[in-house]
Amino acid sequence: MDQYNTRKTLIAKIMDRHNDQSWDEFTNFYKAYIFSILIRMNVPISEREDLAQKALLDIWKGIPNFEYRPGKSKFRNWVYTVTKYQATGYFRKLKSEQKKLDHVDLNQSLEQENIHQQLEEEEWKQHLFHLAWNRIKNELSDSYIQCFELLGKNSSIDEICEKLDIKKNTVHVYRQRILKRLGREIRFLDDELA
(Lines give C-alpha, C1' and ligand atoms only; values in the text may rest on other atoms or scores of the structure.)
Protein backbone atom coordinates (compact mmCIF):
# COMPACT_ATOMS: atom_id res chain seq x y z
CA MET A 1 0.00 0.00 0.00
CA ASP A 2 1.22 3.51 -0.83
CA GLN A 3 2.56 5.15 2.34
CA TYR A 4 0.17 8.11 1.99
CA ASN A 5 -2.93 6.12 1.17
CA THR A 6 -5.50 6.96 3.86
CA ARG A 7 -8.50 6.18 1.79
CA LYS A 8 -11.54 4.33 2.90
CA THR A 9 -9.30 1.25 3.03
CA LEU A 10 -7.14 2.61 5.86
CA ILE A 11 -10.18 4.00 7.64
CA ALA A 12 -11.78 0.57 7.35
CA LYS A 13 -8.61 -1.08 8.66
CA ILE A 14 -8.39 1.16 11.72
CA MET A 15 -12.05 0.44 12.48
CA ASP A 16 -10.65 -2.92 13.55
CA ARG A 17 -9.11 -1.47 16.68
CA HIS A 18 -6.77 -4.46 17.02
CA ASN A 19 -4.88 -3.68 13.80
CA ASP A 20 -1.76 -2.02 15.27
CA GLN A 21 0.05 -1.67 11.94
CA SER A 22 -2.81 0.30 10.39
CA TRP A 23 -3.14 2.42 13.51
CA ASP A 24 0.60 3.25 13.36
CA GLU A 25 0.21 4.17 9.69
CA PHE A 26 -2.79 6.34 10.50
CA THR A 27 -0.91 8.05 13.33
CA ASN A 28 1.99 8.82 10.98
CA PHE A 29 -0.41 10.64 8.65
CA TYR A 30 -2.40 12.64 11.13
CA LYS A 31 -0.24 13.35 14.19
CA ALA A 32 1.52 16.30 12.52
CA TYR A 33 -1.88 17.67 11.45
CA ILE A 34 -3.19 17.33 15.01
CA PHE A 35 -0.10 19.10 16.37
CA SER A 36 -0.48 21.94 13.88
CA ILE A 37 -4.09 22.45 15.01
CA LEU A 38 -3.02 22.56 18.65
CA ILE A 39 -0.25 25.04 17.82
CA ARG A 40 -2.68 27.31 15.97
CA MET A 41 -5.08 27.14 18.91
CA ASN A 42 -2.24 28.42 21.12
CA VAL A 43 -2.05 25.32 23.26
CA PRO A 44 1.12 25.55 25.37
CA ILE A 45 4.01 23.34 24.26
CA SER A 46 3.89 21.47 27.56
CA GLU A 47 0.30 20.34 26.87
CA ARG A 48 0.46 19.50 23.15
CA GLU A 49 1.71 15.93 23.39
CA ASP A 50 -0.93 15.02 26.00
CA LEU A 51 -3.74 16.63 24.04
CA ALA A 52 -2.57 15.01 20.79
CA GLN A 53 -2.59 11.63 22.53
CA LYS A 54 -6.07 12.31 23.94
CA ALA A 55 -7.31 13.30 20.49
CA LEU A 56 -5.82 10.15 18.97
CA LEU A 57 -7.43 8.09 21.75
CA ASP A 58 -10.81 9.74 21.08
CA ILE A 59 -10.39 9.00 17.37
CA TRP A 60 -9.48 5.40 18.19
CA LYS A 61 -12.55 5.06 20.41
CA GLY A 62 -14.85 6.83 17.96
CA ILE A 63 -13.66 5.32 14.68
CA PRO A 64 -16.04 2.32 14.83
CA ASN A 65 -18.93 4.81 14.80
CA PHE A 66 -17.47 7.02 12.07
CA GLU A 67 -19.55 6.83 8.94
CA TYR A 68 -17.77 7.80 5.73
CA ARG A 69 -20.16 9.78 3.52
CA PRO A 70 -18.46 10.96 0.32
CA GLY A 71 -19.52 14.46 -0.63
CA LYS A 72 -21.15 15.15 2.76
CA SER A 73 -18.31 15.09 5.23
CA LYS A 74 -14.58 14.64 5.16
CA PHE A 75 -12.60 12.49 7.52
CA ARG A 76 -10.16 15.34 8.17
CA ASN A 77 -13.07 17.50 9.41
CA TRP A 78 -13.82 14.88 12.01
CA VAL A 79 -10.14 14.69 13.03
CA TYR A 80 -10.10 18.49 13.35
CA THR A 81 -13.30 18.49 15.42
CA VAL A 82 -11.97 15.84 17.80
CA THR A 83 -8.70 17.77 18.22
CA LYS A 84 -10.52 21.07 18.69
CA TYR A 85 -12.70 19.43 21.32
CA GLN A 86 -9.59 18.39 23.27
CA ALA A 87 -8.06 21.88 23.05
CA THR A 88 -11.33 23.54 23.99
CA GLY A 89 -11.68 21.20 26.95
CA TYR A 90 -8.17 22.05 28.07
CA PHE A 91 -8.88 25.79 27.96
CA ARG A 92 -12.23 25.32 29.69
CA LYS A 93 -10.54 23.40 32.49
CA LEU A 94 -7.79 26.02 32.72
CA LYS A 95 -10.35 28.80 33.02
CA SER A 96 -12.30 27.01 35.72
CA GLU A 97 -9.10 26.36 37.68
CA GLN A 98 -8.26 30.03 37.49
CA LYS A 99 -11.87 30.98 38.32
CA LYS A 100 -12.04 33.25 35.31
CA LEU A 101 -14.92 31.57 33.61
CA ASP A 102 -16.96 34.34 32.02
CA HIS A 103 -20.15 34.03 30.07
CA VAL A 104 -19.31 34.21 26.39
CA ASP A 105 -21.84 36.01 24.30
CA LEU A 106 -23.32 34.22 21.29
CA ASN A 107 -21.78 36.53 18.68
CA GLN A 108 -18.33 35.95 20.08
CA SER A 109 -18.90 32.19 19.99
CA LEU A 110 -19.98 32.31 16.34
CA GLU A 111 -16.98 34.45 15.49
CA GLN A 112 -14.69 31.95 17.25
CA GLU A 113 -16.25 29.06 15.30
CA ASN A 114 -15.63 30.88 12.01
CA ILE A 115 -12.01 31.45 13.04
CA HIS A 116 -11.67 27.74 13.86
CA GLN A 117 -13.04 26.74 10.47
CA GLN A 118 -10.56 29.00 8.72
CA LEU A 119 -7.79 27.65 10.91
CA GLU A 120 -8.74 24.10 10.03
CA GLU A 121 -8.59 24.83 6.31
CA GLU A 122 -5.24 26.65 6.56
CA GLU A 123 -3.67 23.88 8.61
CA TRP A 124 -4.94 21.22 6.23
CA LYS A 125 -3.52 23.05 3.21
CA GLN A 126 -0.13 23.44 4.89
CA HIS A 127 -0.16 19.79 5.92
CA LEU A 128 -0.95 18.71 2.37
CA PHE A 129 1.73 20.99 0.92
CA HIS A 130 4.41 19.49 3.17
CA LEU A 131 3.30 15.92 2.46
CA ALA A 132 3.19 16.60 -1.29
CA TRP A 133 6.56 18.37 -1.33
CA ASN A 134 8.22 15.51 0.56
CA ARG A 135 6.73 13.01 -1.88
CA ILE A 136 7.76 14.75 -5.11
CA LYS A 137 11.23 15.86 -3.95
CA ASN A 138 12.57 12.38 -4.66
CA GLU A 139 11.51 12.73 -8.30
CA LEU A 140 13.32 16.04 -8.83
CA SER A 141 16.92 16.88 -9.61
CA ASP A 142 18.96 18.82 -7.06
CA SER A 143 18.83 21.98 -9.18
CA TYR A 144 15.00 21.86 -9.26
CA ILE A 145 14.86 21.38 -5.49
CA GLN A 146 17.41 24.12 -4.75
CA CYS A 147 15.65 26.53 -7.10
CA PHE A 148 12.22 25.93 -5.55
CA GLU A 149 13.52 26.15 -2.00
CA LEU A 150 15.30 29.42 -2.78
CA LEU A 151 12.08 30.76 -4.27
CA GLY A 152 10.34 29.73 -1.04
CA LYS A 153 12.87 31.76 0.90
CA ASN A 154 11.99 34.81 -1.22
CA SER A 155 15.33 34.89 -3.00
CA SER A 156 15.29 37.06 -6.09
CA ILE A 157 15.46 35.51 -9.56
CA ASP A 158 18.89 37.12 -10.05
CA GLU A 159 20.18 35.64 -6.78
CA ILE A 160 18.94 32.20 -7.77
CA CYS A 161 20.50 32.45 -11.22
CA GLU A 162 23.82 33.44 -9.74
CA LYS A 163 23.79 30.84 -6.98
CA LEU A 164 22.73 27.93 -9.22
CA ASP A 165 24.45 29.17 -12.39
CA ILE A 166 21.25 28.99 -14.46
CA LYS A 167 19.37 31.42 -16.69
CA LYS A 168 16.31 33.42 -15.65
CA ASN A 169 14.09 31.50 -18.03
CA THR A 170 15.25 28.24 -16.44
CA VAL A 171 14.14 29.49 -13.01
CA HIS A 172 10.66 30.21 -14.40
CA VAL A 173 10.48 26.84 -16.15
CA TYR A 174 11.56 24.97 -12.98
CA ARG A 175 9.04 26.89 -10.89
CA GLN A 176 6.16 26.18 -13.28
CA ARG A 177 6.99 22.49 -13.60
CA ILE A 178 7.28 22.04 -9.84
CA LEU A 179 4.06 23.97 -9.16
CA LYS A 180 2.22 21.87 -11.74
CA ARG A 181 3.53 18.60 -10.24
CA LEU A 182 2.92 19.84 -6.70
CA GLY A 183 -0.63 20.82 -7.59
CA ARG A 184 -1.37 17.33 -8.92
CA GLU A 185 0.11 15.74 -5.81
CA ILE A 186 -1.83 18.02 -3.46
CA ARG A 187 -5.10 17.22 -5.26
CA PHE A 188 -4.28 13.51 -5.08
CA LEU A 189 -3.47 13.66 -1.37
CA ASP A 190 -6.52 15.78 -0.60
CA ASP A 191 -8.73 13.17 -2.26
CA GLU A 192 -6.93 10.32 -0.49
CA LEU A 193 -6.63 11.79 3.00
CA ALA A 194 -9.68 14.00 3.34
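The values are calculated or read from the model by the stated rules, or taken from the named source; none is laboratory data. All values reported here derive from a predicted model rather than from experimental measurement. So basically every Cβ, Gly included, is an ideal-geometry build from the backbone, and we count neighbours across all protein chains shown. Heads up: the accessible areas ignore ligands, DNA and RNA and are worked out on the full protein's heavy atoms, side chains in. Shrake-Rupley method; radii C 1.70, N 1.55, O 1.52, S 1.80 Å.
A few points about this structure:
- Close pairs (8 angstrom Cβ cut-off, 6 or more residues apart or separate chains): closer than 22 Å to Ile136 by Cα in the stretch 146-170, assigned to a helix (DSSP H, G or I) and of a type in the set (Lys, Arg) anywhere: Gln146/Lys163; Cys147/Arg175; Phe148/Arg175; Leu150/Lys163; Leu151/Arg175; Ser155/Lys163
- Flag for Lys61 being surrounded by fewer than 16 Cβ atoms within 10 Å (Cβ to Cβ), within 22 Å of Glu113 (Cα to Cα) and without any contact (Cβ under 8 Å) to a residue 12 or more places away in the chain: no
- Candidate set: the stretch 64-86, residues that are within 19 Å of His18 (Cβ to Cβ) and in contact (Cβ under 8 Å) with a residue 40 or more places away in the chain; chosen: the one most open to solvent (accessible area, probe 1.4 Å): Pro64
- Tabulated pairs, the stretch 13-25, first more than 17 Å from Phe66 (Cβ to Cβ), second open to solvent by 50 Å² or more (accessible area, probe 1.4 Å), C-beta under 9 angstrom, 6+ apart or interchain: Gln21/Lys13
- In the stretch 118-141, the residues that are over 18 Å from Thr27 (Cα atoms) form Cβ pairs under 8 Å with partners that are open to solvent by 70 Å² or more (accessible area, probe 1.4 Å) and assigned to a helix (DSSP H, G or I), at six or more places apart or across chains, as follows: Leu119/Arg40; Glu122/Arg40.
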